[in-house]
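The values are calculated or read from the model by the stated rules, or taken from the named source; none is laboratory data. Keep in mind that what you see is a predicted model, and the values were worked out from it rather than measured. Every residue, glycine among them, receives a Cβ derived from its backbone with ideal geometry; neighbour counts consider all protein chains shown. For the accessible areas, the whole protein counts, side chains as well, though only heavy atoms, and no ligand, DNA or RNA atoms are used. Shrake-Rupley method; radii C 1.70, N 1.55, O 1.52, S 1.80 Å.
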Amino acid sequence: MRVAPVGGTAVQDHVALAEIELCGELIIAASAADEDRLSLESIDEVLKVAEERANAFGY
C-alpha cells in the first residue's frame with residue numbers, strides 16, 4: 001500500500017484551481033439571479049468572456 005508523504009509536498013494545479021474559482025462565481029451568480037436560469041449573456045459576463053477575448057486579440 002502506498003501512502004502520500006506527510007509535509008510540504010502539496011502540488012497545485014493552477015488550471016484546476018482557476019476552474020474551481022469560475023464554477024464558484026457561476027454558483028454565486030446563479031443563486032443571486034432572479035430567473036430560474038442564467039442567460040448565456042449573463043454567463044459570459046460572469047466568466048468575463050469579452051475581457052478575455054479582448055486580451056487575447058489585443059483590443
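Report whether or not LEU47 is open to solvent by 80 Å² or more (accessible area, probe 1.4 Å) and modelled with pLDDT of 85 or more.
no
Which of the residues that make up the range 27-42 are in a helix (DSSP H, G or I) and exposed (fewer than 15 other Cβ atoms within 10 Å of the Cβ)?
If the condition is that a residue be in a helix (DSSP H, G or I) and exposed (fewer than 15 other Cβ atoms within 10 Å of the Cβ), then ILE27, ILE28, SER31, ALA32, LEU40, GLU41 are the ones that fit.
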